[in-house]
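One structure is given below, encoded as structure tokens.
Laboratory data are not the source of any read-out in this text; all were calculated from the coordinates shown. Please read all numbers here as calculations on a predicted model, not as lab measurements. Counting neighbours? That spans all protein chains shown, and the Cβs are built from the backbone with ideal geometry, glycine included.
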Amino acid sequence: MKILITGFTPFGGEEINPAYEAVKLLPDIIAGAEIIKAELPTVFLKGAQVLQALIEAHQPDAVICVGQAGGRPAISVERVGINFQDARVEDNEGNKPIDEKIIPDGKAAYFSNLPTRAIVQRMQDNGIPAVLSYSAGTYVCNEVLYHLLHWIDTLYPQLRGGFIHVPYDPAQVVKMSPAPSMPIALISQGLMFALKEIVEGEG
């Protein structure tokens, strides 16, 4: 089995993105599955284009995209991507779509076909704060998730895919007003349990 897992570049003036930092810490083999790690640009459309190129190149069985959701206190396993983008801040190339569809003739929403509830349970059982989430926001994270789920519906019916949001790392909140955070090493452990659930819970 082969699983592609991605994180994003830093954005919004941050020096790190805990999503990709946590992805980089993952081993190359988990529960017998090959783990392919990659970084996506935090740029509308371009992140999705890079992701599709990675899917074509590696032909994975499953894809998990990971992004930062500053302010959330736990790892959030997303259940749905919506056909809507509405940026509060510019992406890393200055794009700021407002009230736009991601794919003009696309479905309103898609649900992840990953075992989202079981992933959350596996993390919680191993001491990792985790929750189900029903909103991936309206920024680049949701846009990439929606594209991924659209491709599964239209191009890659055998592929499984979804998205996980992670909190700030403690180093990011030192100069902020108090905000929840989680060490990158703990985030990475949570991602490892998610990957294990995808492999071991299969079939």
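Quick look at the numbers
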read-out: Over 25 Å between alpha carbons, listed pairs K24/K196; K37/K96; K96/K196; value: K37/K96; K96/K196
read-out: Residue with peak Gaussian network fluctuation, the chain [Cα springs, cutoff 10 Å], from G32, G81, G162; value: G32
read-out: Cα centroid separation - segment 34-59 against segment 149-171, whole Å; value: 11
read-out: Sparsely packed trypsin sites (Lys or Arg not before Pro) within segment 108-203, loop by DSSP, other Cβ within 10 Å at most 10; value: K175
read-out: Value of relative contact order over the chain, rounded to a whole percent, pairs C-alpha under 8 Å and six or more apart; value: 29
read-out: From phi via Karplus (6.51, -1.76, 1.60), per-residue ³J(HN,Hα) for segment 92-97 in Hz, x at Gly/Pro; value: 6, 10, x, 7, 8, x
read-out: Qualifying chymotrypsin sites (Phe, Trp or Tyr not before Pro) for segment 100-172 [loop in DSSP, other Cβ within 10 Å: at most 15]; value: Y134
read-out: Dipole-positive endmost among A108, I64, L186 within the chain (Cβ charges, Cα centre); value: L186
read-out: Loop-resident sites, segment 1-99, for trypsin sites (Lys or Arg not before Pro), counting at most 11 other Cβ within 10 Å (DSSP); value: R88
read-out: Shape of segment 101-199, Cα gyration tensor, a/c cut at 1.5; value: oblate
read-out: Dipole in debye (nearest 20) - segment 94-203, about Cα centre, beta carbon charges: Lys, Arg +1; Asp, Glu -1; value: 160
read-out: Charge dipole (debye, nearest 20) of the chain; +1 at Cβ of Lys and Arg, -1 at Cβ of Asp and Glu; value: 360
read-out: Residues with amide H under 5 Å from that of G67, placed H, sequence gap 5 or more; value: I164, H165, V166
read-out: Kyte-Doolittle at least 1.0, axis length at least 20 Å by Cα - qualifying DSSP helices, the chain; value: 184-200
read-out: For the chain, calculated [θ]222 nm from helices alone, where every DSSP H run of n ≥ 4 adds -39500 (n - 2.57); value: -9500 deg cm²/dmol
read-out: Highest-MSF residue in the chain out of G94, G47, G71 [GNM, Cα springs under 10 Å]; value: G94
